Amino acid sequence: MDMPLAISMGEPAGVGPDIVLALYARRDELKLPPFCLFGDAPFLRARALRLGLNVDIADVGAAGAGAVFAHALPVAQVEGLVQDHPGQVSQVSAGAVIGAIEMAVAATLTGTCRGLVTAPIHKGALYHAGFKHPGHTEFLAELCANGGKPHLPVMMLAHGGLRAVPVTIHVPIKDVPGLLTKELIVETVRVVAHDLKHRFGIANPQIGMAGLNPHAGEGGGIGREELEIVGPAVAQLQFEGIGVEGPLPADTLFYPTHWARYDAVVAMYHDQALIPIKTVAFEDAVNVTLGLPIVRTSPDHGTAFDLAGTGRASPASFLAAIRMADAMTAAR
Ligand SMILES: NC(=O)c1ccc[n+]([C@@H]2O[C@H](COP(=O)([O-])OP(=O)(O)OC[C@H]3O[C@@H](n4cnc5c(N)ncnc54)[C@H](O)[C@@H]3O)[C@@H](O)[C@H]2O)c1
Ligand SMILES: N[C@H](C(=O)O)[C@H](O)COP(=O)(O)O
């Protein structure tokens, strides 16, 4: 019996639950690997009914998932109130949303599940409810550390051979220059190089490094971060034998022909990395967290409140996230 993947329910007002239900309904046609959805069974039944999906739901937990997956969607029940109000953000369900992530991580760390796929959360709603982490990426690092020193979590968005990594993640743009250090860049690239090798099977990864400023600083005329921070980080990484080039002007680095020369491009901030990949591949790019002891993937889109409960959300990115987690954990 295949060990299941864990899927966390995400924001119940968003499209995540809709897409998981719709994909499950097509499990045979899509040849989906077994998974267990960490969420609320009554809510999922209500959402399936709303969407007109004929899906049986079995509250069997992760350990029972493999045995029922062929005929019922296995659910690991979370605590907390979850309402079927598509598109209506509410703090009421925050406890269940966070609990689903915690339970799914625990099941993956202990080996009941082989990898984690997260459905989108609504960060603003969780912040209002007191959630202290900027997003999944940072929260997962803390959960995986289990009280010890967290790993450095690295966000990578991937579409085929096009991969983009932001060094700073969910931070205000005004804080980016102050947060960029040689050490952070070096550590981020070490994680990228290690995981491309060991999780993606790329023997000798080549990485393109963007500068922070227009034209990569134009020799110091348009900012000095390239000379004082990014350049020294590249030199250190090259000294360590890691294949890195840069700092390169970000505006042309993401031209697909240029981008494709590298196994990954490392950018200095969230939108520098995510705008290009969402522009060329929003339909089915995958968000994967590197640097963790578990495999975690996610669709590249968010909660899409405008589409929740309508059945019109594309499942393509979520399906790609399941396929990637499946491939990365296939040996287990
Ligand atoms: N992995 C995650 O948890 C994750 C990822 C991205 C955004 N978010 C969160 O989602 C919330 C909303 O973010 P946003 O509005 O910037 O982005 P979004 O991805 O939710 O929506 C952006 C646009 O893309 C469309 N869209 C999104 N998913 C789609 C799909 N599957 N099929 C068809 N169209 C789709 C939406 O209708 C909308 O027009 C924010 O709180 C954000 O933090 C979470
Ligand atoms: N930065 C991601 C994106 O825009 O696609 C998104 O916010 C998800 O981040 P987490 O996986 O850390 O929640």
Set Lys and Arg Cβ to +1 and Asp and Glu Cβ to -1, take the dipole of the stretch 154-291 about its Cα centre, and tell me which of H170, T289, T279 lies farthest positive. T289
Find the accessible area per residue for the stretch 154-291; the probe is 1.4 Å, ligands and nucleic acids are left out, and the unit is Å². 43
Given a Förster distance of 25 angstrom, what is the FRET efficiency for E142 paired with K174, based on the Cβ-Cβ distance and rounded to 0.05? 0.50
The chain, relative contact order [Cα under 8 Å, separation at least 6], %: 22
For the pair F305/E29, report the inter-label distance in nm, with labels modelled 7 Å from Cα in the Cβ direction. 3.1
Return the loop-located chymotrypsin sites (Phe, Trp or Tyr not before Pro) in the stretch 111-177 (DSSP other than H, G, I, E, B) with at most 10 other Cβ atoms within 10 Å of their own Cβ; answer none if there are none. none
Per the Kirkwood formula over distinct C-alpha pairs, the hydrodynamic radius of the chain in angstrom is 20.4
Given a Förster radius of 56 Å and the C-beta distance between Q206 and D56 as r, what FRET efficiency does 1/(1 + (r/R0)^6) yield to the nearest 0.05? 0.70
Pop out the carbon and sulfur fraction of the accessible area of the chain as a percent, whole number, probe 1.4 Å. 55
Tell me which lysines have Cα within less than 29 Å of K31's Cα, excluding those fewer than 8 residues away on the same chain? K197, K278
In the stretch 226-327, the trypsin sites (Lys or Arg not before Pro) that fall in loop regions by DSSP, at most 15 other Cβ within 10 Å: R261, R312
18 Å Cα-Cα reach of K123 towards lysines, excluding residues that sit fewer than 8 places from it in its own chain: K132
Provide the FRET efficiency to the nearest 0.05 for the F282-A70 pair, computing r from the beta carbons and using R0 = 35 Å. 0.60
Under a point-charge model restricted to the Cβ atoms of Lys and Arg (+1) and Asp and Glu (-1), what is the dipole moment magnitude of the chain relative to its Cα centre, in debye to the nearest 20? 440
Would you please name the GluC sites (Glu not before Pro) within the stretch 1-109 that are DSSP coil residues with at most 15 other C-beta atoms within 10 Å of their C-beta? E79
Inter-label distance, nm, simple model (7 Å from Cα along the C-beta direction), L81/F239: 5.8
Under a plain spin-label model, where a point goes 7 Å from the Cα along Cα-to-Cβ, how far apart in nm are T110 and H198? 2.4
Step by step: find N for the stretch 154-291, compute 2.2 N^0.38 Å, then divide the Cα radius of gyration by it. What's the final number? 0.95
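The values are calculated or read from the model by the stated rules, or taken from the named source; none is laboratory data. The structure displayed is predicted, hence computed values, not measured ones. Cβ sites come from the backbone with ideal geometry, for glycine too, and all protein chains shown count toward neighbours. Keep in mind that these areas ignore ligands, DNA and RNA; they rest on the heavy atoms of the full protein, side chains included. Shrake-Rupley method; radii C 1.70, N 1.55, O 1.52, S 1.80 Å.
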